[in-house]
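Inspection log for the structure reproduced underneath, given as structure tokens.
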Amino acid sequence: MGTLIYRRAMVDESDEIGVRQAVGRLIELGLVTADAVAEHVTREALARTLGYFGRPTWNGALGLLSGLGMTYGMDHKTLRYACEDGVEAYEDELRSIADATGGLITITDVTLVNDADDHLLQFLCNGAPHEWTIPHVDDDEGLEAQLIFATHIRELTADGSPAEWCQVQSPPDGYGFFAVFADQELLNQFGAPYGLTFED
């Protein structure tokens, strides 16, 4: 009996939780639509367990959210050459942020004003103006840009929607920043069975 318990404990729980079950819970909570699932998740993936999207279980659940296009993340390469690449790098990153909101947020009119000390990133989020000041640092400006994005992303919301940028306590391997744009209470209801806690 003791041996059986030990062997069961060694089995990754993601081997037992189905992707279809997790997706069904997301739909039930209103965090994703059936159309979005059909667009992003193949029939083959639906027939698998969460281990298909990552292990352990919590990582698989985050991988599923990412596969559904619901997440925005930054790793060590994000905005690494922001100073050299200029406004295009910031446009690409802001587009990734908007894409993770399922159409609730649109970002337009991105401009970059440079002086000797700072870069002033200006854009419209759902028509509202935003300005982010990014210090010009010779040795690691990319890190400064990442910190500004991680700090200020919470400003980007949609009027009339309860969704906000929620960060997971332990981001997936390789990510320094990882967030989901959703209703925090509902997101935590989804994450609870997988040991996930999301904070605003």
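Computed quantities for the displayed model
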quantity: Some residue of region 132-139 being touching a residue at least 24 places away in the same chain (Cβ under 8 Å), of a type outside the set (D, E, K, R), out of contact with any Lys or Arg (no Cβ under 8 Å at 6 or more places or on another chain) and at negative phi; calculated: yes
quantity: Options Ile153, Ile148: the member that is in contact with a Pro (Cβ under 9 Å, 6 or more places away or on another chain) and under 30 Å from Gly54 (Cβ atoms); calculated: Ile148
quantity: Qualifying positions in region 69-119 - small (Gly, Ala, Ser), modelled with pLDDT of 95 or more and touching a Leu at 6+ places or on another chain (Cβ under 9 Å); calculated: Ala98
quantity: Matching residues, region 140-184, being free of Cβ contacts under 8 Å to residues at least 40 places away in the same chain and open to solvent by 70 Å² or more (accessible area, probe 1.4 Å); calculated: Asp140, Leu143, Leu147, Thr151, Glu155, Asp159, Gly160, Pro162, Gln169
quantity: Checklist (1) in contact with a Ser or Thr (Cβ under 8 Å, 6 or more places away or on another chain); (2) at pLDDT 90 or above applied to Asp15, failing item; calculated: (2)
quantity: For Phe190: the one exception among (1) at pLDDT 95 or above; (2) surrounded by 17 or more Cβ atoms within 10 Å (Cβ to Cβ); (3) assigned to a strand (DSSP E or B); calculated: (3)
quantity: Residue tally, condition more than 16 Å from the chain's Cα centre (by Cα) and either under 23 Å from Glu164 (Cβ atoms) or not in a helix (DSSP H, G or I) (or both), over region 37-58; calculated: 8
quantity: Cβ pairs under 6 Å, 6+ apart, first in region 41-60 and without any contact (Cβ under 8 Å) to a residue 24 or more places away in the chain, second assigned to a helix (DSSP H, G or I) and open to solvent by less than 80 Å² (accessible area, probe 1.4 Å); calculated: none
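Residues are listed down the side, and each one gets a yes or a no for (1) closer than 30 Å to Thr111 by Cα; (2) of a type in the set (Asp, Glu):
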residue	(1), (2)
Arg25	no, no
Glu28	no, yes
Leu46	no, no
Gly54	no, no
Trp58	no, no
Gly63	no, no
Gly69	yes, no
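The values are calculated or read from the model by the stated rules, or taken from the named source; none is laboratory data. Remember, predicted model here, so these are calculated numbers, not experimental data. No Cβ is skipped: glycine too gets one built from the backbone with ideal geometry, and neighbour counts run over all protein chains shown. Side chains are part of the model used for accessible areas, which takes the heavy atoms of the whole protein and leaves out ligands, DNA and RNA. Shrake-Rupley method; radii C 1.70, N 1.55, O 1.52, S 1.80 Å.
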